[in-house]
Amino acid sequence: MNDLDALVDSARSSFEAATTPSELENAKARFLGKSGRLTEMMKGLSALGVEDKKIRGAAINQAKQAIEGALGARRMALADLELQSQLKAEALDVTLPGRRRGQGGLHPVSLTMERIELIFGSMGFEVAQGPEIEADWFNFTALNTPEDHPARSMHDTFYVEGGTPGAPNLLRTHTSPVQIRHALQHVKRHKAKTDAGQSMPEIRVIAPGRTYRVDSDATHSPMFHQCEGLWIGEQVSFKDLKVVFTDFCRTFFESEDLVLRFRPSFFPFTEPSAEIDIQFPSGPLAGRWLEVAGSGQVHPNVVRAMGLDPERFIGFAFGMGLDRFTMLRYGVNDLRLFFDGDIRFLSQFQ
Ligand code: PHE
(Lines give C-alpha, C1' and ligand atoms only; values in the text may rest on other atoms or scores of the structure.)
Protein backbone atom coordinates (compact mmCIF):
# COMPACT_ATOMS: atom_id res chain seq x y z
CA MET A 1 0.00 0.00 0.00
CA ASN A 2 1.49 3.33 -0.98
CA ASP A 3 1.35 6.43 1.21
CA LEU A 4 -1.72 7.85 -0.59
CA ASP A 5 -3.78 4.68 -0.21
CA ALA A 6 -2.84 4.64 3.44
CA LEU A 7 -3.93 8.26 3.74
CA VAL A 8 -7.31 7.55 2.12
CA ASP A 9 -7.81 4.58 4.44
CA SER A 10 -6.93 6.62 7.47
CA ALA A 11 -9.33 9.40 6.37
CA ARG A 12 -12.14 6.89 5.84
CA SER A 13 -11.76 5.39 9.28
CA SER A 14 -11.52 8.84 10.92
CA PHE A 15 -14.76 9.82 9.20
CA GLU A 16 -16.43 6.57 10.28
CA ALA A 17 -15.33 7.20 13.84
CA ALA A 18 -17.01 10.60 13.86
CA THR A 19 -20.51 10.29 15.35
CA THR A 20 -21.60 13.92 15.12
CA PRO A 21 -21.39 16.52 12.34
CA SER A 22 -18.90 18.61 14.35
CA GLU A 23 -16.62 15.61 14.96
CA LEU A 24 -16.77 14.94 11.24
CA GLU A 25 -15.80 18.52 10.38
CA ASN A 26 -12.81 18.26 12.74
CA ALA A 27 -11.75 15.04 11.01
CA LYS A 28 -12.13 16.73 7.63
CA ALA A 29 -9.80 19.52 8.72
CA ARG A 30 -7.13 17.00 9.66
CA PHE A 31 -6.99 15.81 6.02
CA LEU A 32 -8.30 18.54 3.76
CA GLY A 33 -7.77 21.63 5.88
CA LYS A 34 -5.10 24.29 5.28
CA SER A 35 -2.54 22.31 7.21
CA GLY A 36 -4.22 18.95 6.64
CA ARG A 37 -2.27 15.90 5.67
CA LEU A 38 -3.32 15.95 2.03
CA THR A 39 -2.60 19.64 1.73
CA GLU A 40 0.84 19.02 3.12
CA MET A 41 1.42 16.42 0.41
CA MET A 42 0.41 18.88 -2.29
CA LYS A 43 2.92 21.33 -0.97
CA GLY A 44 5.56 18.62 -1.47
CA LEU A 45 4.87 18.65 -5.24
CA SER A 46 6.89 21.77 -5.86
CA ALA A 47 10.08 19.88 -5.11
CA LEU A 48 9.49 17.40 -7.95
CA GLY A 49 10.49 17.45 -11.64
CA VAL A 50 7.92 18.03 -14.38
CA GLU A 51 7.14 14.34 -15.16
CA ASP A 52 7.08 13.22 -11.53
CA LYS A 53 4.93 16.20 -10.65
CA LYS A 54 2.32 15.14 -13.23
CA ILE A 55 2.14 11.55 -12.00
CA ARG A 56 2.27 12.44 -8.34
CA GLY A 57 -0.22 15.30 -8.84
CA ALA A 58 -2.72 13.01 -10.55
CA ALA A 59 -2.37 10.42 -7.77
CA ILE A 60 -2.87 13.05 -5.08
CA ASN A 61 -5.96 14.34 -6.89
CA GLN A 62 -7.39 10.85 -7.00
CA ALA A 63 -6.74 10.43 -3.31
CA LYS A 64 -8.38 13.80 -2.66
CA GLN A 65 -11.47 12.75 -4.61
CA ALA A 66 -11.64 9.51 -2.69
CA ILE A 67 -11.38 11.37 0.63
CA GLU A 68 -14.01 13.91 -0.42
CA GLY A 69 -16.27 11.05 -1.54
CA ALA A 70 -15.88 9.34 1.82
CA LEU A 71 -16.57 12.64 3.62
CA GLY A 72 -19.77 13.24 1.61
CA ALA A 73 -21.01 9.71 2.25
CA ARG A 74 -20.39 10.06 5.99
CA ARG A 75 -22.13 13.43 6.07
CA MET A 76 -25.23 11.90 4.53
CA ALA A 77 -25.09 8.90 6.85
CA LEU A 78 -24.87 11.18 9.92
CA ALA A 79 -27.74 13.36 8.71
CA ASP A 80 -29.80 10.24 8.19
CA LEU A 81 -28.97 8.97 11.68
CA GLU A 82 -29.96 12.27 13.15
CA LEU A 83 -33.26 12.23 11.31
CA GLN A 84 -33.95 8.68 12.49
CA SER A 85 -33.31 9.52 16.12
CA GLN A 86 -35.43 12.66 15.85
CA LEU A 87 -38.28 10.65 14.37
CA LYS A 88 -37.92 8.14 17.15
CA ALA A 89 -37.97 10.84 19.81
CA GLU A 90 -41.05 12.48 18.36
CA ALA A 91 -42.81 9.20 17.62
CA LEU A 92 -46.59 9.33 17.86
CA ASP A 93 -48.46 6.14 18.62
CA VAL A 94 -51.57 6.55 16.53
CA THR A 95 -52.96 3.30 17.94
CA LEU A 96 -53.35 4.82 21.44
CA PRO A 97 -56.99 5.63 22.27
CA GLY A 98 -57.74 9.34 21.97
CA ARG A 99 -58.42 11.53 24.98
CA ARG A 100 -62.14 11.87 25.35
CA ARG A 101 -63.88 14.90 26.69
CA GLY A 102 -65.34 13.93 30.07
CA GLN A 103 -69.08 13.77 29.78
CA GLY A 104 -71.06 15.58 32.45
CA GLY A 105 -74.35 14.36 33.77
CA LEU A 106 -77.36 15.40 35.77
CA HIS A 107 -77.42 15.33 39.57
CA PRO A 108 -79.61 12.49 40.90
CA VAL A 109 -82.04 15.01 42.42
CA SER A 110 -82.29 16.74 39.01
CA LEU A 111 -83.02 13.35 37.48
CA THR A 112 -85.85 12.97 39.99
CA MET A 113 -87.19 16.43 39.12
CA GLU A 114 -87.17 15.60 35.42
CA ARG A 115 -88.94 12.34 36.10
CA ILE A 116 -91.58 14.01 38.26
CA GLU A 117 -92.19 16.73 35.67
CA LEU A 118 -92.61 14.08 33.00
CA ILE A 119 -95.08 12.00 35.01
CA PHE A 120 -97.20 14.93 36.22
CA GLY A 121 -96.91 16.50 32.77
CA SER A 122 -98.60 13.41 31.36
CA MET A 123 -101.45 14.04 33.83
CA GLY A 124 -101.91 17.61 32.62
CA PHE A 125 -99.87 19.46 35.26
CA GLU A 126 -97.88 22.57 34.37
CA VAL A 127 -94.53 23.31 35.99
CA ALA A 128 -94.12 26.57 37.92
CA GLN A 129 -91.26 28.21 39.76
CA GLY A 130 -91.00 30.76 42.54
CA PRO A 131 -88.26 32.73 44.32
CA GLU A 132 -86.10 31.11 46.98
CA ILE A 133 -85.95 34.35 48.95
CA GLU A 134 -89.60 34.72 49.80
CA ALA A 135 -91.81 37.27 51.50
CA ASP A 136 -93.30 36.29 54.84
CA TRP A 137 -96.79 36.73 53.39
CA PHE A 138 -96.36 34.08 50.69
CA ASN A 139 -94.48 31.62 52.86
CA PHE A 140 -96.77 31.85 55.89
CA THR A 141 -99.62 34.36 56.04
CA ALA A 142 -101.31 33.53 52.74
CA LEU A 143 -101.00 29.87 53.69
CA ASN A 144 -103.26 30.38 56.69
CA THR A 145 -100.34 30.71 59.07
CA PRO A 146 -100.67 34.20 60.61
CA GLU A 147 -97.87 35.76 62.57
CA ASP A 148 -98.84 34.37 65.96
CA HIS A 149 -99.75 30.93 64.64
CA PRO A 150 -97.90 28.18 66.54
CA ALA A 151 -97.41 26.21 63.31
CA ARG A 152 -94.75 28.72 62.28
CA SER A 153 -92.48 27.10 64.81
CA MET A 154 -92.72 23.81 62.87
CA HIS A 155 -90.38 25.49 60.43
CA ASP A 156 -87.02 26.63 61.77
CA THR A 157 -86.59 29.50 59.41
CA PHE A 158 -83.62 31.38 57.93
CA TYR A 159 -84.64 35.03 57.98
CA VAL A 160 -82.78 37.41 55.70
CA GLU A 161 -82.63 41.16 55.24
CA GLY A 162 -85.44 42.96 53.48
CA GLY A 163 -89.18 42.70 53.72
CA THR A 164 -91.51 44.80 55.80
CA PRO A 165 -91.24 45.80 59.50
CA GLY A 166 -92.15 42.77 61.59
CA ALA A 167 -92.23 40.51 58.52
CA PRO A 168 -88.70 40.04 57.26
CA ASN A 169 -87.95 38.14 54.07
CA LEU A 170 -86.84 34.55 54.47
CA LEU A 171 -85.47 31.56 52.61
CA ARG A 172 -88.67 29.72 51.76
CA THR A 173 -89.26 26.84 54.14
CA HIS A 174 -91.37 24.91 51.64
CA THR A 175 -92.53 25.15 48.02
CA SER A 176 -96.10 25.95 49.14
CA PRO A 177 -95.74 29.73 48.50
CA VAL A 178 -95.60 28.86 44.79
CA GLN A 179 -99.21 27.65 45.17
CA ILE A 180 -100.25 31.20 45.99
CA ARG A 181 -98.01 32.89 43.41
CA HIS A 182 -99.13 30.59 40.63
CA ALA A 183 -102.82 30.71 41.53
CA LEU A 184 -102.83 34.53 41.71
CA GLN A 185 -101.24 34.69 38.27
CA HIS A 186 -103.63 32.11 36.88
CA VAL A 187 -106.65 34.04 38.17
CA LYS A 188 -105.29 37.36 36.90
CA ARG A 189 -104.58 35.93 33.45
CA HIS A 190 -108.06 34.43 33.29
CA LYS A 191 -109.72 37.70 34.32
CA ALA A 192 -107.76 39.64 31.72
CA LYS A 193 -108.72 37.24 28.95
CA THR A 194 -112.37 36.51 29.50
CA ASP A 195 -115.65 38.13 30.49
CA ALA A 196 -116.54 37.67 34.10
CA GLY A 197 -118.75 34.65 34.63
CA GLN A 198 -117.03 32.45 32.12
CA SER A 199 -115.67 29.45 33.96
CA MET A 200 -111.99 29.45 34.80
CA PRO A 201 -109.79 26.60 33.60
CA GLU A 202 -108.59 24.39 36.42
CA ILE A 203 -105.30 25.11 38.13
CA ARG A 204 -103.12 22.06 37.80
CA VAL A 205 -99.50 22.69 38.61
CA ILE A 206 -96.40 21.30 40.21
CA ALA A 207 -93.52 23.41 41.55
CA PRO A 208 -90.21 21.69 42.21
CA GLY A 209 -87.35 23.59 43.80
CA ARG A 210 -84.96 24.29 46.65
CA THR A 211 -86.21 24.92 50.17
CA TYR A 212 -84.44 25.82 53.43
CA ARG A 213 -84.75 25.04 57.12
CA VAL A 214 -82.43 25.15 60.11
CA ASP A 215 -81.89 21.39 60.22
CA SER A 216 -78.91 19.12 59.59
CA ASP A 217 -78.29 15.38 60.02
CA ALA A 218 -78.10 12.19 57.90
CA THR A 219 -81.66 12.69 56.67
CA HIS A 220 -82.01 16.48 56.92
CA SER A 221 -80.04 19.18 55.16
CA PRO A 222 -80.44 22.96 55.66
CA MET A 223 -81.01 23.13 51.90
CA PHE A 224 -83.26 20.45 50.50
CA HIS A 225 -85.69 19.94 47.65
CA GLN A 226 -89.43 19.78 47.52
CA CYS A 227 -92.06 19.53 44.85
CA GLU A 228 -95.41 21.13 45.42
CA GLY A 229 -98.56 20.03 43.69
CA LEU A 230 -101.83 21.95 43.38
CA TRP A 231 -105.08 21.10 41.66
CA ILE A 232 -107.95 23.56 42.02
CA GLY A 233 -111.26 23.37 40.19
CA GLU A 234 -114.97 23.22 40.81
CA GLN A 235 -115.25 19.47 41.15
CA VAL A 236 -111.90 18.34 42.49
CA SER A 237 -112.01 16.06 45.51
CA PHE A 238 -109.82 14.15 47.93
CA LYS A 239 -110.49 11.08 45.80
CA ASP A 240 -108.63 12.78 42.94
CA LEU A 241 -105.67 13.42 45.24
CA LYS A 242 -105.54 9.74 46.10
CA VAL A 243 -105.77 8.61 42.48
CA VAL A 244 -103.25 11.12 41.18
CA PHE A 245 -100.70 10.59 43.92
CA THR A 246 -101.04 6.80 43.89
CA ASP A 247 -100.61 6.75 40.13
CA PHE A 248 -97.64 9.03 40.37
CA CYS A 249 -95.85 6.98 43.04
CA ARG A 250 -96.40 3.69 41.23
CA THR A 251 -95.07 5.17 37.99
CA PHE A 252 -92.14 6.87 39.71
CA PHE A 253 -91.00 3.73 41.50
CA GLU A 254 -92.05 1.45 38.62
CA SER A 255 -94.04 -0.71 41.01
CA GLU A 256 -97.69 -1.43 40.35
CA ASP A 257 -98.01 -3.09 43.76
CA LEU A 258 -96.74 -0.14 45.76
CA VAL A 259 -99.12 0.55 48.67
CA LEU A 260 -100.05 4.04 49.86
CA ARG A 261 -101.46 5.18 53.19
CA PHE A 262 -103.04 8.57 53.80
CA ARG A 263 -102.50 9.17 57.50
CA PRO A 264 -104.46 12.00 59.17
CA SER A 265 -102.22 14.92 60.00
CA PHE A 266 -102.20 18.68 60.39
CA PHE A 267 -101.11 21.53 58.15
CA PRO A 268 -102.44 25.06 58.55
CA PHE A 269 -103.06 25.37 54.80
CA THR A 270 -105.06 22.16 54.30
CA GLU A 271 -108.14 20.73 55.96
CA PRO A 272 -108.41 17.79 56.16
CA SER A 273 -104.72 17.01 55.98
CA ALA A 274 -102.88 13.77 55.45
CA GLU A 275 -99.33 12.56 55.60
CA ILE A 276 -98.68 10.19 52.70
CA ASP A 277 -96.72 7.01 53.45
CA ILE A 278 -95.68 4.39 50.94
CA GLN A 279 -94.74 0.75 51.33
CA PHE A 280 -92.71 -1.28 48.84
CA PRO A 281 -94.04 -4.78 48.11
CA SER A 282 -90.53 -6.21 47.89
CA GLY A 283 -86.88 -5.23 48.18
CA PRO A 284 -84.81 -4.14 51.17
CA LEU A 285 -87.44 -1.65 52.41
CA ALA A 286 -90.44 -4.00 52.04
CA GLY A 287 -92.95 -3.90 54.87
CA ARG A 288 -91.92 -0.47 56.22
CA TRP A 289 -94.11 2.62 55.98
CA LEU A 290 -92.06 5.47 54.54
CA GLU A 291 -93.31 9.04 54.80
CA VAL A 292 -92.91 10.82 51.45
CA ALA A 293 -95.33 13.78 51.35
CA GLY A 294 -97.75 16.04 53.14
CA SER A 295 -101.11 16.72 51.55
CA GLY A 296 -104.66 17.79 52.03
CA GLN A 297 -107.66 19.68 50.77
CA VAL A 298 -106.74 23.33 50.32
CA HIS A 299 -108.04 25.36 53.29
CA PRO A 300 -110.80 27.88 52.43
CA ASN A 301 -108.62 30.72 53.73
CA VAL A 302 -105.90 29.70 51.29
CA VAL A 303 -108.38 29.51 48.41
CA ARG A 304 -109.40 33.04 49.37
CA ALA A 305 -105.76 34.21 49.40
CA MET A 306 -105.55 32.90 45.82
CA GLY A 307 -108.30 35.32 44.88
CA LEU A 308 -110.95 32.62 44.53
CA ASP A 309 -114.30 31.97 46.19
CA PRO A 310 -113.94 28.93 48.47
CA GLU A 311 -117.70 28.27 48.10
CA ARG A 312 -117.05 27.57 44.45
CA PHE A 313 -113.46 26.43 44.16
CA ILE A 314 -112.01 23.44 45.91
CA GLY A 315 -108.95 21.32 45.45
CA PHE A 316 -105.96 19.66 46.98
CA ALA A 317 -102.29 20.28 47.43
CA PHE A 318 -99.35 18.13 48.28
CA GLY A 319 -95.70 18.72 49.03
CA MET A 320 -93.14 15.98 48.70
CA GLY A 321 -89.49 15.67 49.57
CA LEU A 322 -87.47 15.21 46.39
CA ASP A 323 -84.33 14.16 48.22
CA ARG A 324 -86.36 11.48 49.96
CA PHE A 325 -87.79 10.25 46.67
CA THR A 326 -84.30 10.14 45.19
CA MET A 327 -82.87 8.25 48.18
CA LEU A 328 -85.66 5.69 48.01
CA ARG A 329 -85.42 5.22 44.28
CA TYR A 330 -81.65 4.61 44.29
CA GLY A 331 -81.24 3.10 47.75
CA VAL A 332 -79.08 5.94 49.10
CA ASN A 333 -79.07 6.06 52.90
CA ASP A 334 -77.27 9.33 53.65
CA LEU A 335 -78.74 12.56 52.32
CA ARG A 336 -75.41 14.36 52.70
CA LEU A 337 -73.95 12.34 49.80
CA PHE A 338 -76.14 14.40 47.47
CA PHE A 339 -74.48 17.64 48.49
CA ASP A 340 -70.83 16.61 49.03
CA GLY A 341 -70.10 16.90 45.31
CA ASP A 342 -68.03 13.70 45.25
CA ILE A 343 -67.70 12.75 41.60
CA ARG A 344 -67.31 9.04 42.50
CA PHE A 345 -70.81 9.12 43.97
CA LEU A 346 -72.43 11.39 41.40
CA SER A 347 -71.09 9.57 38.34
CA GLN A 348 -72.94 6.41 39.38
CA PHE A 349 -76.23 7.94 38.28
CA GLN A 350 -75.29 8.52 34.64
N1 PHE B 1 -95.59 22.41 52.84
C2 PHE B 1 -95.70 21.21 53.64
C3 PHE B 1 -94.35 20.92 54.28
O4 PHE B 1 -93.36 21.42 53.83
C5 PHE B 1 -96.15 20.04 52.83
C6 PHE B 1 -97.55 20.19 52.30
C7 PHE B 1 -97.76 20.77 51.08
C8 PHE B 1 -98.63 19.75 53.03
C9 PHE B 1 -99.06 20.91 50.59
C10 PHE B 1 -99.90 19.87 52.56
C11 PHE B 1 -100.13 20.44 51.33
O12 PHE B 1 -94.25 20.18 55.24
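The values are calculated or read from the model by the stated rules, or taken from the named source; none is laboratory data. Keep in mind the model is a prediction, meaning the values are calculated, not measured. Here Cβ is always computed from backbone atoms with ideal geometry, including for glycine, and neighbour counts include all displayed protein chains. Note: accessible area is taken over every heavy atom of the protein model, side chains too, but ligands, DNA and RNA are not part of it. Shrake-Rupley method; radii C 1.70, N 1.55, O 1.52, S 1.80 Å.
When ligands, DNA and RNA are left out and all protein chains stay put, how many square angstrom of accessible area per residue does the chain have with a 1.4 Å probe? The partial results should precede the final answer.
Values: 19970 Å² over 350 residues.
Each residue of the chain exposes 57 Å² on average to a 1.4 Å probe.
Shown here are the Rg and Dmax of the Cα trace of the chain, at 45.0, 142 Å. Under a 5 Å amide H cut-off, with hydrogens placed 1.01 Å from N, His299 pairs with Thr270, Glu271 among residues at least 5 apart or on other chains. Counting every C-alpha pair in region 116-171, the share spaced more than 19 angstrom apart comes to 42%. Seen through its C-alpha gyration tensor, with square-root eigenvalues sorted a ≥ b ≥ c, region 1-91 comes out prolate because a/c lies at 1.5 or above while a/b is bigger than b/c.
So what is the 222 nm mean residue ellipticity for the chain from helices alone, if each DSSP H run of at least 4 adds -39500 (n - 2.57) and you divide by all residues, rounding to the nearest 500 deg cm²/dmol?
Calculated from helices alone, the mean residue ellipticity at 222 nm is -13500 deg cm²/dmol.
The label point for Ala6 and the one for Lys191, both projected 7 Å from the Cα toward the Cβ, are 12.3 nm apart.
Contact order for region 108-349, expressed relative to its length and based on alpha carbon pairs under 8 Å spaced 6+ residues apart, stands at 21 percent.
Of the peptides 292-302, 84-94, 65-75, how do they stack up when ordered by the mean number of other Cβ atoms within 10 Å, highest first? Before the final figure, lay out the partial values.
On the way: 292-302: 22.2, 84-94: 8.0, 65-75: 16.5.
Per-residue mean Cβ counts within 10 Å order the peptides as 292-302, 65-75, 84-94.
Measure off, as a whole percent, the carbon and sulfur share of the 1.4 Å-probe accessible area of the chain, all protein chains present.
Working: 10450 of 19970 Å².
Percent of accessible area from carbon and sulfur atoms in the chain: 52.
If R0 is 56 Å, what FRET efficiency do you get for Lys54 and Thr19 from their C-beta distance, rounded to 0.05? Computed FRET efficiency for Lys54 and Thr19 comes out at 0.90. Subtracting the Cα-Cα distance of Ser46 and Val259 from their residue separation scaled by 0.36 nm leaves 64.6 nm.
How high is the relative contact order of region 3-89? Use alpha-carbon pairs under 8 Å, at least six apart in sequence, and give a whole percent. Could the numbers behind the result be given before it?
Numbers: 56 pairs, mean separation 32.8, N = 87.
Reported relative contact order: 38 percent.
Between helix 238-252 and the chain there is an angle of about 20 degrees, using the helix long axis and the longest principal axis of the Cα atoms.
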